[in-house]
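FYI, it's all coordinate maths here, none of it is from the lab. Predicted model only: the values in this text are computed from it and were never measured. For neighbour counting, all protein chains shown are included, and Cβ atoms are generated from backbone atoms with ideal geometry for every residue, glycine included.
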Amino acid sequence: MSLLTRLALGLAAFALVLLILAPLVGIVAGTDVASLMTALQHPLVWPALTLSLLTTATSLALILLFGTPLAWLLSQRSGPGWRALEALMHMPVVLPPAVAGLGLLLAFGRDGWLSGVLYPRGASLSLTTAAVVLAQTFVAAPFYLQAATEAFRQLDPRLTLVAQTLGASPARRFFSVVLPVSRSALVGGAALSWARALGEFGATLIFAGSLSGRTQTLALAIYAALEADVRVAQALSLVLVAVSLAVLVVVRLQPRATAGP
């Protein structure tokens with residue numbers, strides 16, 4: 001490889017590194033501990049932080065509860081219908097946030113196509129904490145679902161076959177063999193899913209609104225704080241950056257899942 005080629009590749013790599021790191025440096029730069037602590041006392045901060053922790057924990061629990069069996073089914077099926085279903089389950093990843101929020105509103109809102117079944121007395125999930133959880137689950141579920149499905153597909157079938165020959169029931173094989181062997185990938189997928197839920201903005205804003213203490217999560221509080229005090233928005237952003245970094249560390253420290261012995 002010539003010197004000119006290496007120089008061009010190095011400059012291209014540096015440009016992308018700069019593009020990614022510059023906003024992160026902008027959030028961190030110019031913030032000292034005293035300013036950060038002062039900003040964190042703003043009335044927007046703690047209600048948003050508490051609500052975010054509550055809703056993301058709930059959405060992650062729902063994703064694990066319903067996503068794990070779905071991932072197992074998808075990993076065990078290979079027909080075109082199952083492949084199409086798997087592709088549809090990943091649609092929230094590529095949908096623009098506004099489209100996701102509008103879709104949730106048109107499905108689960110007061111006048112949504114499911115309103116007659118869900119709200120026979122005219123109630124609605126819109127503008128409630130439950131709407132926040134639903135929006136977070138919608139956008140974050142594919143991250144866990146993809147990780148879990150791939151982990152289950154890489155599982156050596158001999159492991160479950162041995163357990164079957166020893167008399168283990170399907171449920172026992174799943175909980176005593178499949179889940180422990182796939183644990184690292186499932187933890188990584190869950191961490192990414194939770195981080196995505198914590199940073200959710202667009203779908204939540206459209207479907208749940210931004211009501212302090214009720215639907216205003218950290219991401220929405222940052223947007224609201226920008227209109228009044230940039231320092232508060234910067235402090236909240238630092239919280240999300242720290243959480244995101246911690247999630248990446250957790251994911252990177254997970255050992256690679258092995259397909260078999």
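The figures follow:
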item: Estimated FRET transfer efficiency (Leu49, Asp111; beta-carbon r; R0 25 Å; 0.05); result: 0.15
item: Dipole of the stretch 151-213, positive direction: furthest Cα of Ala191, Phe175, Leu159, with charges on the beta-carbon; result: Leu159
item: Sites Ala22 and Asp229, calculated FRET efficiency, Cβ-Cβ separation with R0 22 Å, nearest 0.05; result: 0.45
item: Kirkwood Rh in Å, taken over the stretch 1-76 so that all alpha-carbon pairs contribute; result: 17.6
item: Cα-centred dipole magnitude for the stretch 108-175, charges only on beta-carbon of K, R (+1) and D, E (-1), debye, nearest 20; result: 200
item: The chain, helix-only ellipticity at 222 nm - DSSP H runs n ≥ 4, -39,500 (n - 2.57), divided by all residues, nearest 500; result: -23000 deg cm²/dmol
item: Trypsin sites (Lys or Arg not before Pro) within the stretch 109-172: DSSP coil, no more than 11 neighbouring Cβ in 10 Å; result: Arg121
item: For the stretch 185-253 and the stretch 1-75, distance of Cα centres in Å; result: 8
item: For the chain, with +1 on Lys and Arg beta carbons and -1 on Asp and Glu, the positive-most of Ala13, Tyr144, Leu236 along the dipole; result: Tyr144
item: Magnitude of the charge dipole, the chain, Cβ model with Lys/Arg +1 and Asp/Glu -1, debye to 20; result: 780
item: Footprinting exposure proxy for Asp111, Asp32, Asp156 (fewest neighbouring C-beta atoms within 10 Å first); result: Asp32, Asp111, Asp156
item: For the stretch 32-253, projected area of the alpha-carbon convex hull averaged over all directions, nm²; result: 15.0
item: Per-residue Cβ neighbour rank within 10 angstrom, fewest leading, Tyr144, Tyr223; result: Tyr223, Tyr144
item: Ala34/Ala246 FRET efficiency (R0 25 Å; Cβ-Cβ; nearest 0.05); result: 0.60
item: Net charge contributed by nearby residues that have their C-beta within less than 15 Å of Leu166 (K/R +1, D/E -1); result: +3
item: Calculated log₁₀ intensity ratio I(q)/I(0) where the Debye formula runs over C-alpha points of the stretch 1-133, q = 0.11, 0.21 Å⁻¹; result: -0.80, -1.26
item: Surrounding net charge for Phe152, when Lys and Arg each add one and Asp and Glu each subtract one, Cβ distance under 13 Å; result: +1
item: Packing-based exposure ordering (other Cβ within 10 Å, fewest first) of Thr38, Thr129, Thr68; result: Thr38, Thr129, Thr68
item: Environment charge of Gly189, counting only residues whose C-beta is closer than 12 Å and scoring Lys/Arg +1, Asp/Glu -1; result: +1
